[in-house]
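S.K.: First the structure, which I've put down as structure tokens, then a few questions once you've had a look.
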């Protein structure tokens, strides 16, 4: 590739890690949000109180966007030195984004169960924490790799 064309894509790795993380967060929060609305609807139809705690479950996948941003910010230093890290950005972003998406799916199940029983909030948070740990591992291990690459 020409240097000029390559330079147009110098920030692709940065965009991928943040963009894919954010896509996963958006999809996860969307799925969880739909489930929360459904649970509230059931509660309202049955004249039961609707728990506002479901909002915490819906918001759980949003933290993965922050992890993507942290990785992206560290990658900027290497991109400014001419190392573009497209692969690291793509795979770290996909892993963090998938964690967010599946956390949202788990949150959706938790919303359904919480809406039905009104119980188990702590248990549901524990499951969400386990799923989130994947994103944390990816962020930490990626930061370690980036640190080694920067010398």
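S.K.: Test each condition in (1) within 20 Å of residue 133 (Cα to Cα); (2) in contact (Cβ under 8 Å) with a residue 12 or more places away in the chain for residue 66 and report the one that comes out false.
M.R.: (2)
S.K.: If residue 13 meets every condition in (1) more than 16 Å from the chain's Cα centre (by Cα); (2) over 30 Å from residue 114 (Cβ atoms); (3) surrounded by fewer than 22 Cβ atoms within 10 Å (Cβ to Cβ) apart from one, which number is that one?
M.R.: (3)
S.K.: Oh, and also: Which of the residues belonging to the stretch 8-18 are part of a helix (DSSP H, G or I) and closer than 15 Å to residue 74 by Cα? Can you show your working first?
M.R.: From the stretch 8-18, those part of a helix (DSSP H, G or I) are 8, 12-18; that's our starting set.
Within the stretch 8-18, 12, 13, 14, 15, 16, 17, 18 qualify.
S.K.: Does the stretch 28-35 contain at least one residue that is without any contact (Cβ under 8 Å) to a residue 60 or more places away in the chain, over 20 Å from residue 130 (Cβ atoms) and in a helix (DSSP H, G or I)? Before the answer, list the steps.
M.R.: Step one: of the stretch 28-35, the residues without any contact (Cβ under 8 Å) to a residue 60 or more places away in the chain are 33.
After this cut, where a residue has to be over 20 Å from residue 130 (Cβ atoms) as well, the list is 33.
Pick out the ones that are also in a helix (DSSP H, G or I) and you get 33.
For the stretch 28-35, residues without any contact (Cβ under 8 Å) to a residue 60 or more places away in the chain, over 20 Å from residue 130 (Cβ atoms) and in a helix (DSSP H, G or I): present.
S.K.: Next question, about the same structure. Pick from 81, 42, 74: which is in contact with a helix residue (DSSP H, G or I) (Cβ under 7 Å, 6 or more places away or on another chain) and closer than 30 Å to residue 150 by Cα? Even if it seems obvious, please write down each step before you answer.
M.R.: Values: 81 fails: in contact with a helix residue (DSSP H, G or I) (Cβ under 7 Å, 6 or more places away or on another chain); 42 fails: closer than 30 Å to residue 150 by Cα.
Just a single option satisfies the conditions, and that option is 74.
S.K.: Out of (1) under 18 Å from residue 19 (Cβ atoms); (2) out of contact with any helix residue (DSSP H, G or I) (no Cβ under 9 Å at 6 or more places or on another chain), the odd one out for residue 94 is which?
M.R.: Every condition holds for residue 94 apart from (2).
Values in this text are rule-based calculations from the coordinates and carry no lab data. For clarity, every value in this text was computed on a predicted model and none was experimentally measured. Virtual Cβ from ideal backbone geometry, glycine too; neighbours counted across all protein chains shown.
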